[in-house]
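This report concerns only the one structure given below.
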Amino acid sequence: MIRALLVLVTLIALGALKLPIERDLAAVHRQEHFRGVEFNLGLREKIGQLGFIAALSGFRSIVADALFIQAHVAWERTEWGRVLLLFQHVTTLQPRAILFWDMAAWHMAWNASVAAMNDRTQPRLALRVKAQREYFALGKDFLERGIRNNPDRPELYEALARLYKEKYKDHERASEFFGKAAALPGARTYNRRFSAYELSYCEGREREAYERLCQLYDEGEKERLPTLISRLKFLEDKLGIPQEQRIPDKNR
């Protein structure tokens, strides 16, 4: 009875000590925008006991780097399933590392999707297209989860915009995410232009795109690039802009 009472008191004392530590850790995770980082038995089975212990001991970056190298080797061998699995663990271990999310999406939406489309062992085109689109979706999922973990960084918004533009041919969504990237500190200056360019391809939004392109044009020579000029000319014709309001033809 006394032993049981001592054990109970010890557990209560440990719990009291552990609670503020866990609360502080949760606050740090919220501040750092961590989402869905789960050090569970599934992860332990994949990275091994020593790797799991190292991750729990504060060596997540070392374990993630080792897995990243393994993913690179798997890519060279075109082992797409293994590439996917390894990047799932890499991004779980280091959710604030932009490179890992970006590389994971690139391997899935670009490399693996091309390999699936060119797979000579699958004679049916419909199944190759299906596999290709599944890899697009995996790449998009990596970028969306990366953004949830890094909402303050423009790089992944830009990568998602490129995916919508180049893989889904969805100009409206591409414009949206180029715009979101442009609104964040540290964004590349071309994101604002690209957002307007993509909008100019969207049926029903030509007037909005025209006004945004005009704003860029009015900022001076540095913005008067060939693509901007050509898209402006296209919209002037489509919207029936009066001749006296059009930009000079010498800027073609």
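The values are calculated or read from the model by the stated rules, or taken from the named source; none is laboratory data. What you are looking at is a predicted structure, and each value in this text was computed from that prediction instead of being measured. So basically every Cβ, Gly included, is an ideal-geometry build from the backbone, and we count neighbours across all protein chains shown. Areas reflect the complete protein model, heavy atoms only, side chains present, ligands, DNA and RNA absent. Shrake-Rupley method; radii C 1.70, N 1.55, O 1.52, S 1.80 Å.
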Notebook entry, point to check: By the gyration tensor of its Cα atoms, with a ≥ b ≥ c the square roots of the eigenvalues, what is the shape of the stretch 59-212: rounded for a/c under 1.5, prolate for a/b over b/c, or oblate?
Noted result: oblate
Check: On full extension of the chain, what length is gained from Asp237 through Asp141, given 0.36 nm per residue of separation minus the C-alpha to C-alpha distance?
Finding: 30.7 nm
Notebook entry, point to check: When the chain is fully extended, how far beyond the present Cα-Cα distance does Glu223 get from Arg246, taking 0.36 nm per residue of separation?
Noted result: 6.6 nm
Next item on the list: Quote to one decimal, in nm, the extra length available between Arg133 and Lys169 on full extension: 0.36 nm per residue of separation minus the C-alpha distance between them.
Entry: 11.7 nm
Next item on the list: Step through the residues of the stretch 183-199 one at a time and calculate ³J(HN,Hα) from phi using the Karplus curve (6.51 cos²θ - 1.76 cosθ + 1.60, θ = phi - 60°), rounding each to whole Hz and writing x for Gly and Pro.
Entry: 7, 9, x, x, 5, 5, 5, 6, 4, 5, 5, 4, 4, 5, 4, 4, 5
Next item on the list: May I ask you to give the solvent-accessible area per residue for the stretch 138-219, in square angstrom, as obtained with a 1.4 angstrom probe?
Entry: 47 Å²
Check: Pairs Lys167/Lys222; Lys130/Lys180; Lys130/Lys169; Lys140/Lys233; Lys130/Lys167: which exceed 22 Å Cα-Cα?
Finding: Lys167/Lys222; Lys130/Lys180; Lys140/Lys233
Item checked: Distance (nanometres) between label positions extended 7 Å along Cα→Cβ at Glu203 and Val114 -> 3.1 nm
Margin query: With θ taken as phi - 60° and the coefficients 6.51, -1.76 and 1.60, list the Karplus ³J(HN,Hα) couplings across the stretch 129-138 in order, rounded to whole Hz; mark glycine and proline as x.
Written below: 5, 4, 4, 4, 5, 5, 5, 4, 5, 5
Checklist line | Restricting the stretch 172-222 to GluC sites (Glu not before Pro) in coil, as DSSP defines it, with at most 11 other Cβ within 10 Å | finding: Glu203, Glu219
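Calculate the FRET efficiency for Arg77 and Tyr190 from the Cβ-Cβ distance with a Förster distance of 41 Å, rounded to the nearest 0.05.
The computed FRET efficiency comes out at 0.70.
Per the 1.4 Å probe, what fraction of the accessible area of the stretch 98-252, in percent, lies on carbon and sulfur atoms?
51 percent
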